[in-house]
Amino acid sequence: MDAHVTDSAGTPAEPASPADDEPQAKTSGPGPDETAASERAGSTDADDRAEGGAGEGNGDAPRAGAAVPQPKRHVLRWAALGTSVVVLAAAGAGWWFYRKLDSNITTDITAAAELETYEKERPVPVVTDAQNILLLGSDTRSGKGNSKYGRDKPGSQRSDTTILLHIAADRQSATAMSIPRDLMVTVPSCGTSDGTRTREQFAQFNSAYELGGTACTVRTVERFTSIRIDHHMVMDFSGFKDMVNAVDGVEVCLKEPINDKAAHLNLAAGKQTLGGEEALGYVRARKSLGNGSDTDRMDRQQQFLGALVKKVQSNGVLLNPARLFPVLDAATKSITTDPGLNSLKDLYELTRAVRNVPTEKVQFLTVPRQPYRVDANRDELIEPEASLLFKALREDAPLAIVPADEKEDEKEVGGSAAPEPSTNPGSRDGKPDDSGPASPTPTPTFSGTNAAEGMCE
């Protein structure tokens, strides 16, 4: 009986010839017909595997030689290419944004050189992980967008706002201490823009900026506080406005309408959101708001800055790159910093350090002061309260902030700022005290506000 042989795909092969009935050794490769059959079988098997086994045992096996769709490798290749393009574009955009923001920042080389010259007389840092940054709001009319506020006159440029920002070493609190522009202090001899030097003098605080710029202001603050200033940052009018606009304005509550032509401000009473231009007028206005004093204006500035911090933290600006970029762009375009804070990386590290500080721990206060005994239009420090505050900031020690009315109530019942902590608990006059350790020293308390309170609470 003739034997019928099938190939691997089940297709009958040609019948064997009589001569093939005799067994014989195979001495050569397959013939043309066998090769074709093998290729058809292999193609069919590969197609079945590609289709997940379709056609196996279900009668749907494709016929030998039928056209079978090939895997769509070109689709995968285009997908990979598209992904690569997107990644490269994102990386390129990120690098462009970084370079743009980084190049916005202006470095104050002159101040750095002046401070280096007087390094030996500057205070030594007490707590190296804490940061003390002097923030200056310049009233210069130079720069884009500032000319409409008037023209700079010789000897008229002064620091409109000065705040010493202390960031605790554990990054769990930040204290912003305002320094009154009218505070009477000793201004050291400082270098001027024309190469001459001023004489040391007892003068109004903000004259230091007029006489010797940022470096002179830093040295003046360090002299009367004994606090080492790690960095400084100067921002002009335009920068402040852009910052407020970048967060879509800040909400304030006004008890009565405001119409101040000098501050370019005309606002109705009640709750409202101020844009950059209105916000600038609001924090600069003095004659038409409150009692017209610089003290009242500083309180208003602190409340506004607290509301600004609260909004930045509450709407996710610091964690959202799309919202953070406009804020950083506005900030970097209008600031001048020392060389240690003149890159986007440095500013990012600073932002990261404070972004998780609870709003109730972002505290604002003004250095304890009272009318100057010689001139009631000027201020002088209140002691020992001022020294207690400077010591707490210098040593990164805790301090408590309460509303001004609570502080007044404390004074009425005989309370005051806590006495200076003992440097050697358990001793008196440097001699051992066998009575045991001294009782814990109360935390110094000062009047002020915090970012959690806002302006409309």
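The values are calculated or read from the model by the stated rules, or taken from the named source; none is laboratory data. Worth saying up front: this structure is predicted, and the values here are computed from it rather than measured. Using ideal geometry, Cβ is built from the backbone for each residue, glycine included, and neighbour counts are taken over all protein chains shown. For accessibility, only protein heavy atoms count, side chains too; no ligands or nucleic acids. Shrake-Rupley method; radii C 1.70, N 1.55, O 1.52, S 1.80 Å.
Scanning segment 385-400 for residues that are modelled with pLDDT of 95 or more and open to solvent by 60 Å² or more (accessible area, probe 1.4 Å) yields R394, E395.
Quick check on segment 126-139: of everything there that is assigned to a loop (DSSP other than H, G, I, E, B) and touching a helix residue (DSSP H, G or I) at 6+ places or on another chain (Cβ under 9 Å), which residue is nearest to L165 (Cα to Cα)? Reasoning before the result, please.
The first filter runs over segment 126-139 and keeps only residues assigned to a loop (DSSP other than H, G, I, E, B), leaving 126-130, 139.
When the remaining residues are screened for being touching a helix residue (DSSP H, G or I) at 6+ places or on another chain (Cβ under 9 Å), the result is 126-127, 130, 139.
Working: V126: 16, V127: 15, A130: 11, D139: 20 Å.
Here the answer is A130.
Among strands (runs of 3 or more DSSP E) lying entirely in segment 252-362, which contain 3 or more residues that are over 16 Å from L135 (Cβ atoms) and modelled with pLDDT of 85 or more? Show your work before the answer.
Working: elements: 258-260, 265-267, 270-274, 335-337.
Result: 270-274.
The criterion of being farther than 23 Å from N450 by Cβ and open to solvent by less than 30 Å² (accessible area, probe 1.4 Å) does not hold for D375. Only a single criterion out of (1) surrounded by fewer than 21 Cβ atoms within 10 Å (Cβ to Cβ); (2) over 12 Å from the mean Cα position of the chain (by Cα); (3) in contact (Cβ under 8 Å) with a residue 24 or more places away in the chain; (4) part of a helix (DSSP H, G or I) is not satisfied by E380, namely (4). In summary, V250 fulfils each of the numbered conditions (1) at negative phi; (2) open to solvent by 50 Å² or more (accessible area, probe 1.4 Å) with the single exception of condition (2).
Candidates F224, F205: the one that is in contact with a strand residue (DSSP E or B) (Cβ under 7 Å, 6 or more places away or on another chain), open to solvent by less than 30 Å² (accessible area, probe 1.4 Å) and under 30 Å from R394 (Cα atoms) is F205.
So which residues in segment 266-279 are surrounded by fewer than 21 Cβ atoms within 10 Å (Cβ to Cβ) and either in contact (Cβ under 8 Å) with a residue 12 or more places away in the chain or farther than 17 Å from K241 by Cα (or both), if there are any at all?
Within segment 266-279, the subset surrounded by fewer than 21 Cβ atoms within 10 Å (Cβ to Cβ) is 266-273, 275, 277.
Passing the criteria: L267, A268, A269, G270, K271, Q272, T273, G275, E277.
Working carefully through the options T214, T196, find the one that is β-branched (V, I, T), open to solvent by less than 20 Å² (accessible area, probe 1.4 Å) and out of contact with any Leu (no Cβ under 6 Å at 6 or more places or on another chain).
On the way: T196 fails: open to solvent by less than 20 Å² (accessible area, probe 1.4 Å).
Being β-branched (V, I, T), open to solvent by less than 20 Å² (accessible area, probe 1.4 Å) and out of contact with any Leu (no Cβ under 6 Å at 6 or more places or on another chain) holds for just one of T214, T196, which is T214.
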